[in-house]
Amino acid sequence: MSSPTERAPVAHSAGAAEESRPSLSALLLDPSFWADWASVVGLVGLVIVFGIAQPVFLSVANLQALLLAAAILVVLSIGQTFVVATSGIDLSLAAAVMLGAIILGLVNAAGYGIFIACVLAVLATSAIGFLNGLIITAGKIPDFVVTLGTLSGITGLGLILSGGEPTMVGSTFLLKLASGSFGPFGYPVWVAIAAIIVAHVALYHTRFGVHLLATGGQVESAGALGIRTNRVKMAAYTISGFCAGIAAILLVARIGSAEPQINTSLLLNSVAAVVLGGVSLFGGRASILGPAIGALMLTALVNGLTLLNVSAFYQPLAVGAIVVLAALIMRYQK
Amino acid sequence: MSAVSPSSASDAIIACNGLSKHFGGVRAFTDVAFQARRGEVTAVIGDNGAGKSTLIRCLVGVHVPDAGSIVFDGREHPFSNPDGARKAGIETVHQNLALIDELTVAQNLFLNRELVSRIGPFAFLDRKAMKREARSMLSRLSINVPSINQRVRRLSGGQRQAISICRAVGSGAKLVVMDEPTAALGVQETANVEALIRRLREQSVSVILVSHNFDQVRRLSDQIWVMRAGKMAATVRASETSGNELVALVTGAA
């Protein structure tokens, strides 16, 4: 489990500059190293601490359960990353998950196939994301205000559509999705892994990824070079909405029903995972692996505290402390 | 010498005649004739408010002139917006440089012109080719940066200016327009950027240079155009003029 820390400095120096390879000790003393690798360091630290305090934590069954529990947050954090990379923030993310779940439940309950229900759920959440981006760019309104508004609006819409009642979704497809596995991982974990790979390629290996970071970095400069920054922003929010739709499917599969309730910790944790992952809230700087590991770390924290019989009331406190700590470390990011 | 010479379109990369631009009731310039020769450095000087910035913005498509004609590379009315000007072959080195701090040198050099390799319907960045090409672009102009993988944020003002100029030249532009390229630089960095502009001249890149610095203009350019109070007051060969004469032309004492 110590291998990520040993490998990390090498990868870091190789990416930073060809001619200067700082020694390991110099790197470990450099605050920006800790800032860049906060999520990895945090995850390794938690694994070591929980592993010693409660050996069950390191059992294969628990690690599998941990990954399964992290899948939804990983997918949401990826969506949030694309938005934060443009120096925006999507506060409506968890509300979009709720609406996606409700639409999935209602369409399924109306007798349509589960496949159509899932597609409609993803389409609806993607449309919400697109709408966020459209209002932000066309109306020139701050991201924070618009997504705060859609957060409330979507919540209301979800309550209206569902009548405030949960809808049972008894689908063998979703049951298999939630409980089945391929190789060592459950299907939701594979969905998260696929999301990580696709998002990583999109961010680092396509023109869209470069234009996304350019838009987040200096929007006027990007515009002066002919990048259509408004389109890039709208695409980022649409991706965020799409991820919310995927998360909604995983959520309904996991709990077997569509609940008209927002899981606010999902929203907060998605932002927290992005921050832990070293993504700049001012935009222009992002990775996919960082937030994914950040999401894993937050899930490991909750999992470990539960195994240690710490009251659930303490979990938000621990998450909050870690996020603020990470933000402090981030100040040293170069 | 103070008379504006008639345009001989054959060797001009860009030529304009009878150009006027007003903003509401405010007159930026009237009936301006101007041309820049192929492969030369052409300077535009003038006091603040003489209209040179507005003239340049008309040449690069930011403003559309109210009257007059622009002929670029033998084509009349070649563009109506900055994007069109870029496509036609005019690259601008913006005063704010238009660099993205968080991206690397190589990424900035290829921003919005990224090289891609296609696999089926998908286009992936060809990062190796871009890095290779970025290195050769920089070495062709003898620009020194610590690494092309370095974020632009960490570069000095002179290095940033050099990257910005390199990007403009490297795009295969027929004409590079620089607005006060050394305005915010120290002595050494100014010297570096001037050396770079001289290399562009040796490589026969057509350059339009806007500057306040008369000495610099005389050192760097072939032809100097002087604007005063919204008119083109004079044009002189840089080799045939003196600093005093330029001051006199700019202030109207001549």
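Nothing in this text is a laboratory measurement; each read-out follows from the coordinates by a stated rule. Note that the structure is a prediction, hence the values are computed from the model and not measured. Glycine gets a Cβ as well: all are built from the backbone with ideal geometry, and neighbour counts include every protein chain shown.
Things to note:
- When peptides A:266-278, A:222-234, A:305-317, A:125-137 are ranked by their average number of other Cβ atoms within 10 Å per residue, the highest-first order is A:266-278, A:125-137, A:222-234, A:305-317.
- Furthest towards positive pole of dipole, B:Ala234, A:Pro260, B:Ser211, structure part the protein assembly as shown, Cβ charges: B:Ala234
- Region A:215-258 and region B:36-83 have Cα centres spaced 40 Å apart.
- Rounded if a/c under 1.5, otherwise prolate or oblate - region A:208-334, Cα gyration tensor axes: oblate
- For chain B, a Gaussian network of Cα nodes joined below 10 Å ranks B:Val44, B:Val71, B:Val187 by mean-square fluctuation, and the top entry is B:Val187.
- Distant-in-sequence amide contacts of B:Val116, defined by a placed amide H-H separation under 5 Å and a gap of 5 or more residues or a different chain, comprise B:Asp126.
- Taking all Cα-Cα distances within region B:95-173, those exceeding 15 Å account for 52%.
- Quotient of C-alpha Rg and 2.2 N^0.38 Å, computed over the protein assembly as shown: 1.18
- Rounded Å value of the spacing that divides the Cα centres of region B:145-180 and region A:129-191: 44
- Sequence of A:Leu159, B:Leu59, A:Leu76 once ranked by neighbouring C-beta atoms within 10 Å, starting from the fewest: A:Leu159, B:Leu59, A:Leu76
- Counting, for every residue in B:118-130, the Cβ atoms of other protein chains within 10 Å of its Cβ and taking the mean gives 2.
- Among the listed pairs B:Lys52/B:Lys174; A:Lys140/B:Lys128; B:Lys87/B:Lys131; A:Lys233/B:Lys52; A:Lys176/A:Lys233; A:Lys233/B:Lys87, those beyond 26 Å (Cα-Cα): A:Lys140/B:Lys128; A:Lys233/B:Lys52; A:Lys176/A:Lys233
- Where labels lie 7 Å past Cα in the beta-carbon direction, separation of B:Leu115 and A:Phe173 in nm: 4.5
- Taking amide H positions as modeled 1.01 Å from N, with prolines and chain starts lacking one, the residues under 5 Å from B:Ser206 and 5 or more places away or on another chain are B:Gly39, B:Val176.
- Global form of region A:49-176, assessed from the alpha-carbon gyration tensor, a/c cut-off 1.5: oblate
- Segment B:Ser171-B:Asp73, extension gain: residue separation times 0.36 nm, minus the distance between their alpha carbons: 33.6 nm
- Going by neighbour counts of Cβ atoms within 10 Å, the residues B:Glu180, B:Glu245, B:Glu76 line up, fewest first, as B:Glu76, B:Glu180, B:Glu245.
- Restricted to Cα atoms, chain B shows a radius of gyration and a Dmax of 18.8, 67 angstrom.
- The modelled label-to-label distance between B:Val187 and B:Glu240, using points 7 Å beyond Cα along the C-beta direction, is 3.5 nm.
- Computed from the Cβ-Cβ distance with R0 of 22 Å, the FRET efficiency linking A:Leu281 to A:Val145 stands at 0.85.
- Cα gyration tensor shape for region A:38-330, rounded if a/c is under 1.5, else prolate or oblate: oblate
- Cα→Cβ-extended label distance, 7 Å offset, between B:Asp101 and A:Ala312, nm: 4.4
- B:Ala234 long-range amide H proximity, modeled H, under 5 Å: B:Val226
- Residue of B:Gly74, B:Gly25, B:Gly46 that the Gaussian network model of chain B assigns the largest fluctuation, springs spanning Cα pairs under 10 Å: B:Gly25
- The charge dipole of the protein assembly as shown, taken about its Cα centre with unit charges on the Cβ of Lys, Arg, Asp and Glu (plus for the first two, minus for the last two), comes to roughly 720 debye.
- Other protein chain C-beta atoms within 10 Å of residue C-beta, averaged over A:221-228: 6.
- Stretched out straight at 0.36 nm per residue, the stretch from A:Tyr112 to A:Ser59 would grow longer than its current Cα-Cα span by 15.0 nm.
- 10 Å Cβ neighbours from other chains, averaged over peptide B:99-106: 6
- Contact order normalised by residue count of chain A, Cα under 8 Å, 6+ apart, percent: 33
- Comparing B:Asn112, B:Asn17, B:Asn149 in a Gaussian network model of chain B where C-alpha atoms under 10 Å apart are linked, the largest mean-square fluctuation is found at B:Asn112.
- Ordering of A:280-287, A:182-189, A:208-215 by packing [mean C-beta count within 10 Å, highest first]: A:208-215, A:280-287, A:182-189
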